[in-house]
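Before any comments, here is the structure.
The values are calculated or read from the model by the stated rules, or taken from the named source; none is laboratory data. As the structure is a prediction and not an experimental result, all values here were calculated from the model. Cβ placement follows ideal geometry from the backbone for every residue including glycine, while neighbour counts extend to all protein chains displayed. When the accessible area is computed, the model is the full protein with side chains, heavy atoms only, and any ligands, DNA or RNA have been set aside. Shrake-Rupley method; radii C 1.70, N 1.55, O 1.52, S 1.80 Å.
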Amino acid sequence: MTTLGEAWSYLLAHLPQFTTALGVHVALSAAALAIGAAIAVPAGIYAAHRPRAAFATINVANIGRTLPSLAVLALVMPLLGTGFAPSLFALSLLALPPIVLNAIAGIRGIDPEVVDAARGMGMTPGAILRHIEWPLALPVIFAGLRTAAIQVISGAVLAAFIGGGGLGDFITAGIAMMAVPQLLVGAIPVTLLAIGADFAFGMLQRRITPAGVREA
Amino acid sequence: MIEIEHLTKRFSGAASPAVDDLSLAIGTGEICVLIGPSGCGKTTTMRMINRMIEPDSGRIRIAGRDVTHVDAVELRRSVGYVIQQVGLFPHMTIADNVATVPRLLNWDAARITRRVDELLARVDMDPARYRSRFPRELSGGQKQRVGVARALAADPPVMLMDEPFGALDPITRAALQDEFLRLLDELKKTIVFVTHDIDEALKMGTRIAILRAGRVVQFDRPESILAHPADAFVEAFVGRDRALKRLALLTVAEHAVAGIAPSGAPQIAASADLRDALSLLLAENRDVANVVDASGAMGRIVTLSSIRAALDATPPATLN
């Protein structure tokens with residue numbers, strides 16, 4: 001209890017720094033997720049319609065997914081240096097695999113008879129994508145965003161190592177100085193952010209699931 | 001209405017062509033059944049008509065128009081398409097499913113609503129009750145009714161149906177077959193109907209094309225195929241009971257003879273088929289039954305020898 005109390009006092013004493021760090025953390029995560037989605041969703045949809053491209057993308061994404069977050073950040077540093085931009089770049093890379101994999105799975109998971117019927121009735125490929133594939137794949141695509149969001153929020157802690165800022169600053173400093181209260185001021189909000197993002201995306205996922213395919 | 005000339009399709013990697021120099025001329029208002037064992041090319045042939053598959057060579061004309069001279073998307077909007085698994089869009093209501101092609105054709109909203117309700121009523125689905133339902137709330141038979149309504153939406157003169165009743169239980173299948181035949185009686189569509197079920201082919205087909213290895217072995221009316229199978233393959237395909245199948249195509253009304261059976265003779269409705277009549281005579285161990293028409297009038301009979309005579313009389317061999 002005392003440790004939590006000390007953490008609270010530390011937080012109140014360093015409120016401006018905390019607010020800045022929290023802001024950077026959220027901005028970094030949100031931007032990385034947005035960039036990741038902007039690349040991975042179209043790429044996944046494109047690959048899903050082409051068996052060879054899908055095979056290659058799935059394999060590359062699976063390799064990407066096994067890379068430790070810290071390794072990605074460490075690899076980026078010698079190339080791009082330190083600070084917010086390199087951190088954002090590295091985190092965007094981290095966001096790609098789960099989003100692209102789910103986009104492919106979402107499109108491919110649609111009953112082929114449904115797409116065949118749409119084609120047979122004279123829908124253009126664009127209309128099939130807009131009216132059939134997109135709404136039916138959206139819940140699965142959203143699940144990918146949800147996974148990516150959690151990964152990026154926890155991965156953003158490591159941005160502190162390459163000068164990207166964020167709540168990781170409190171954690172690394174806390175570890176370095178054996179100052180548990182300081183560490184908690186970073187760790188607890190990160191955890192809450194991750195849980196909050198998971199919850200929010202879960203809610204959204206249910207909202208965007210078309211009524212006809214929603215679990216009763 | 002649909003002329004298929006020297007159609008050939010070979011899939012890459014396949015040893016022999018799926019469809020091999022196939023020609024068929026299908027008349028307006030006909031239900032042309034394509035039937036044969038798996039891999040005989042029946043579905044491939046059907047799918048080339050609306051260019052879901054492009055032929056390697058040969059020509060298909062609908063109402064004189066070469067299908068390859070029309071944009072494939074435009075073509076498909078003018079040809080009804082029904083498949084076995086129905087392929088209803090699960091995220092759309094029944095009304096939106098049925099409205100698919102009219103929307104693609106940019107009909108105005110009021111016309112679409114009217115048409116959807118009219119079609120749902122046509123396939124015996126109360127529009128008020130089902131309009132806003134989703135496909136997963138329907139039974140298999142109801143889904144296929146909606147599938148048929150959706151294919152009819154823009155009133156296409158030609159419909160392609162790939163085993164439309166294949167996934168249904170026998171009772172639902174028979175009911176939907178009967179309803180569909182009644183519906184077609186009013187609508188006069190030209191239908192290409194793929195099935196692997198010979199009984200369905202005999203029931204639904206105006207003419208039946210029996211396919212084997214991508215070629216037409218015999219193309220004729222059901223009764224002619226049963227009476228004069230072109231070769232041993234067709235004979236085996238239609239089954240050993242082809243005499244009984246022929247009787248099933250003949251009605252008591254057409255083949256009854258004048259007379260009154262002795263008292264105690266069984267009765268059979270004029271609308272029944274001769275197969276049922278024969279079955280009744282065998283079951284009752286009688287030679288003769290009284291025929292009763294819809295109004296209850298009698299005075300005609302069906303006998304074992306009149307049934308045999310009916311088999312001998314029909315049909316003349318058709319040359320083609």
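Just give me the residues in the stretch B:201-253 being closer than 30 Å to B:G299 by Cα, open to solvent by 50 Å² or more (accessible area, probe 1.4 Å) and of a type in the set (K, R), in sequence order.
B:K203
Look at the stretch B:273-297 and say how many of its residues are hydrophobic (A, V, I, L, M, F, W, C) and surrounded by fewer than 15 Cβ atoms within 10 Å (Cβ to Cβ).
Residues in the stretch B:273-297 being hydrophobic (A, V, I, L, M, F, W, C) and surrounded by fewer than 15 Cβ atoms within 10 Å (Cβ to Cβ): 4 in total.
Of the residues A:V60, A:V41, A:V26, which single one is buried (at least 19 other Cβ atoms within 10 Å of the Cβ) and not acidic (D, E)?
None of the others qualify; the one that does is A:V41.
Return the residues of the stretch B:48-104 that are polar (S, T, N, Q) and away from chain A (no Cβ under 11 Å); say none if nothing qualifies.
Those that are polar (S, T, N, Q) and away from chain A (no Cβ under 11 Å): B:S57, B:T68.
Of all helices (runs of 4 or more DSSP H) completely enclosed by the stretch B:89-147, which ones contain at least 3 residues that are open to solvent by 80 Å² or more (accessible area, probe 1.4 Å) and either farther than 25 Å from B:P170 by Cα or hydroxyl-bearing (S, T, Y) (or both)?
Filter on the stretch B:89-147 gives B:109-122.
Answer with yes or no whether A:D111 is acidic (D, E), without any contact (Cβ under 8 Å) to a residue 40 or more places away in the chain and either more than 14 Å from chain B (Cβ to nearest Cβ) or open to solvent by less than 30 Å² (accessible area, probe 1.4 Å) (or both).
Taking the combined requirement at face value, the residue does not satisfy it.
Output the residues belonging to the stretch B:197-227 that are more than 19 Å from B:I26 (Cα to Cα) and part of a loop (DSSP other than H, G, I, E, B).
Once the filter is applied, which keeps residues that are more than 19 Å from B:I26 (Cα to Cα) and part of a loop (DSSP other than H, G, I, E, B), the stretch B:197-227 yields B:D197, B:A213.
Taking into account only those residues within the stretch B:30-47 that are hydrophobic (A, V, I, L, M, F, W, C) and not in a strand (DSSP E or B), which is nearest to the other protein chains (Cβ to nearest Cβ)?
Looking at the filtered set, the residue picked out is B:M46.
Taking the criterion of being open to solvent by 20 Å² or more (accessible area, probe 1.4 Å), in contact (Cβ under 8 Å) with a residue 12 or more places away in the chain and in a loop (DSSP other than H, G, I, E, B), would at least one residue in the stretch B:177-187 satisfy it?
Among the residues of the stretch B:177-187, not one is open to solvent by 20 Å² or more (accessible area, probe 1.4 Å), in contact (Cβ under 8 Å) with a residue 12 or more places away in the chain and in a loop (DSSP other than H, G, I, E, B), which makes the answer no.
Could you tell me how many of the residues in the stretch A:161-183 are in contact (Cβ under 8 Å) with a residue 40 or more places away in the chain and open to solvent by 40 Å² or more (accessible area, probe 1.4 Å)?
4
B:A18 versus (1) among the small types (G, A, S); (2) surrounded by 19 or more Cβ atoms within 10 Å (Cβ to Cβ); (3) without any contact (Cβ under 8 Å) to a residue 12 or more places away in the chain: which is the lone unmet condition?
(3)
What single numbered condition from (1) assigned to a helix (DSSP H, G or I); (2) in contact (Cβ under 8 Å) with a residue 24 or more places away in the chain; (3) more than 29 Å from B:H91 (Cα to Cα) fails to hold for A:T82?
Just one mismatch for A:T82, condition (1).
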